[in-house]
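Some notes on the structure that comes next.
The values are calculated or read from the model by the stated rules, or taken from the named source; none is laboratory data. The model shown is predicted, which means the values in this text are computed figures rather than measured ones. Here the Cβ is made from the backbone with ideal geometry for all residues, glycine too, and neighbour counts use every protein chain on show. Just the protein is used for accessible areas: all its heavy atoms, side chains included, with ligands, DNA and RNA removed. Shrake-Rupley method; radii C 1.70, N 1.55, O 1.52, S 1.80 Å.
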2 protein chains.
Amino acid sequence: METSLSLERTEPEAPAKSGMQGDEAAAGGTLTATLYDRLRAEILEGRMTPGAKLRLEELRGRYGVSLSPLREALSRLVAEGIVVAESQRGFTVAPVSRAMFADVIRLRTTLESMALRDSIERGGDEWEVGVVAALHRLKKVESLRSAEEGSQPWEHLHREFHLALVGACDSPLLLQFCATLRDLNDRYRRLFLANYVLDRNVATEHQSIADAALARDAERAVTLLGEHIQRTARNVFMVLEKQAAGAVSHSA
Amino acid sequence: METSLSLERTEPEAPAKSGMQGDEAAAGGTLTATLYDRLRAEILEGRMTPGAKLRLEELRGRYGVSLSPLREALSRLVAEGIVVAESQRGFTVAPVSRAMFADVIRLRTTLESMALRDSIERGGDEWEVGVVAALHRLKKVESLRSAEEGSQPWEHLHREFHLALVGACDSPLLLQFCATLRDLNDRYRRLFLANYVLDRNVATEHQSIADAALARDAERAVTLLGEHIQRTARNVFMVLEKQAAGAVSHSA
DNA sequence: TTCACTAATATTATCGATTTTTTATTGACA
DNA sequence: TGTCAATAAAAAATCGATAATATTAGTGAA
């Protein structure tokens, strides 16, 4: 119930972040940055139980580092709302809730629509190329079937596609907000739709959105994007409601 | 040029934050939280030169603490985009730019309008009371004249007023985004309009916005709020443009 | 049995010192 | 005089240890 969103961007130190979730921690940087990337990915990819205690000693052992960089990485995640800090009581993985998810979906739909509209309006050739390319790569992976929705490569390309769509939006801030919301959205999807069997043709949806966008039909593109987001959300809600309150996830 | 916004909220450890900027670090908590509050306030209140290097040794001396809590506090600010970290090169105060400010203003206007609309729609008695009370307190301070715009108490009450306006919006996330944007906005105002002589009746503007909101005239309220934000922004832009590129600020 | 209190244990928060990397300085060489 | 390289100084990142705080276990009284 309490998440903060941070919005960073392309900051020098933490090379990964939103853009490249799959890609493991970029070496070379500081230990803090590496840990930040790894922890962030673990939580956002649904590999950590919401609300779970983050024992420092355990993490220290697991990653083979000292407390300092560990606490620094956690501090960043706290500011992002992905981790919660309680005075004198350490850190815990941010909890999940129906209300929070509903909020995320609502805002994401609104903001990403704004960004998409803007992008369609000012997008040039490079933008069009980017969208087409991203869609192509995504479709390729989907056709392979070796990777169903939720697989690492699919996740990455799916993110890239949505990124490409709004790529021509000229508000860095808005794009950051969108990225944050998408991250939060995806966390829920991965947590609650882990082994989910597709009941619809997601690929077709992406195709339609891209088509509308490239045809500069903002109205239609925004509508389709909204439906796209809502559909997945609906499925998450169903699972979410089946599980009384707690967050029944996987590993710890 | 690159800011991240964080959005936190009412997190247990850092009691202050957006809500109570003036109020110094709440004791009792951890050292990290205290430092976070102090540094955040210093930067946001315009007391630190944008882009300035944050020498750890110096800060350590100034606050009489060790590196650990200091670095943790800075890490949080990094995630918020208020401080920039460069790998192996330490921390610097986030820079300012015309483009960034323009982005902040644009998004703030949009998002705060959304929040205000929502608030007007669902606000109940308590909300109305809150708005009236906040406006009253603000007017009182303004009439005192002992404190012109920019004074500590004025800053606080001004923030409270804007907060009260959108108080009935039921999207915590949206409110956090708004708070973040308001913080960034205010940073520019304080940096560039430090000793600014009012050329307009800000008090009247607040009154009008409140009136429209309480009359449930969302359209009018949103319009007035937008103009209110734009007017101050215009003044900031003027100063901003007079100063070639650099940020000519005060201390530090 | 349950509550309150104290002792023991575990965990976190902070510190001081060490290692690593960057930045500044100096001097050789063209 | 200017450039480059080697070195010295400064700064940042990381570590291991200590102090502070919370949690658990245990004991005795109601």
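As a ratio to 2.2 N^0.38 Å, the alpha-carbon radius of gyration for segment A:98-242 is 1.00.
For segment A:52-138, the ratio of Cα radius of gyration to the globular rule of thumb 2.2 N^0.38 Å stands at 1.65. Site pair residue B:235 and residue B:201 shows an inter-label distance of 1.6 nm when each label is modelled 7 Å from Cα along Cα→Cβ. Counting protein heavy atoms only, segment B:98-242 has 55 percent of its accessible area on carbon and sulfur, 1.4 angstrom probe.
3J(HN,Hα) along segment B:164-178: 4, 3, 9, x, 8, 5, 9, 10, x, 4, 4, 5, 5, 4, 4 Hz, from the Karplus curve 6.51 cos²θ - 1.76 cosθ + 1.60 with θ = phi - 60°, whole Hz, x for Gly and Pro.
If one takes the accessible area of chain A alone plus chain B alone and subtracts that of the pair, with a 1.4 Å probe, what total in Å², rounded to the nearest 100, results?
Values: alone 12120 and 12140 Å², together 20830 Å².
What A and B bury together is about 3400 Å².
Roughly how far apart, in whole Å, are the Cα centres of segment B:108-181 and segment B:27-77? Distance between centres, Cα-based: 28 Å.
What the Cβ-Cβ distance of residue A:97 and residue A:42 gives, at R0 = 30 Å and to the nearest 0.05, is a FRET efficiency of 0.90. Residues whose amide H falls under 5 Å from that of residue A:83, counting only those 5 or more places apart or on a different chain, are A:78, A:94, with hydrogens built in the peptide plane.
Using the Karplus relation 6.51 cos²θ - 1.76 cosθ + 1.60 with θ = phi - 60°, the per-residue 3J(HN,Hα) values for segment A:97-104 come to 7, 4, 4, 4, 4, 4, 5, 4 Hz, with x marking Gly and Pro.
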